[in-house]
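*Asks:* Once you've had a glance at the structure underneath, I'll fire off some questions.
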Amino acid sequence: MHNHKTHWEKLYETKTESDLSWSQPYPHTSVDFINLFKLPKTSSVIDIGGGDSHLVDALLELGYSDISVLDISAKSIERAKARLGEKAAAITWIEKNIVDFEPERKYDFWHDRAAFHFLTVEIQIIKYLAIVKQSIKSGGHLVLGTFSDKGPNQCSGLEVKQYTEASMSALFEKDFKRIKCIEDTHITPFSTQQNFVFCSFQRTLKQIL
């Protein structure tokens, strides 16, 4: 099996932000969902596969104070810390493959842009769904962005799993209520287009054992 950690460490050691197709100066789509939910500034937020994404900067600017970033790559976390400087100390950094994540708390808001679609084996997807279910508070929110069926079928040399609004919604319907799905065209740093589907869900309001 391909060693994903080695793959991502090498990638972040050898490429600059402008070399990475998913880079975006400001995560407008993700921030729009956060504003849609009117999340209190005290909400606990976790960004899955956040790496050196600028979502954490945007969250800090918006006034959020309880932010966690999970990424498989230590190098990507180092890059984010270097960019944030002193502000990095306010963030909880988690170096972990998402399918090995054992959350020690529950979150109000789970964000994942372009990590989930790298899980191409059914057992990985099942583990992810179980971790999400365990990690999000009753009434909490989830936003997931993946390549759509009109998007690429590979990224950074790895295969990805494409999703439609229907196929993504079907995965989460047992424990979540779908709120809103959109298609989003991401313009890469090299001016190519990637079609994403973003879906937002709310953890159903029931007793979570």
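*Asks:* Determine, for 45, 56, 121, the number of other Cβ atoms within 10 Å of each Cβ, and report the residues in order from fewest to most.
*Replies:* The order, fewest Cβ neighbours first, is 121, 45, 56.
*Asks:* Could you give the spread of the C-alpha atoms of region 88-179 along their three principal axes, from largest to smallest, in whole angstroms?
*Replies:* 36, 30, 24
*Asks:* Sort 101, 198 by Cβ crowding within 10 Å, fewest neighbours at the top.
*Replies:* Result, fewest neighbours first: 101, 198.
*Asks:* Arranged by the count of other C-beta atoms within 10 angstrom, fewest first, what order do 175, 47, 149 take?
*Replies:* 149, 175, 47
Computed from the coordinates by the stated procedures, all read-outs in this text should not be read as laboratory data. Since the model is a prediction, treat every value here as computed from it, not as a measurement. Neighbour counts run over all protein chains shown; Cβ positions are idealised from the backbone, glycine included.
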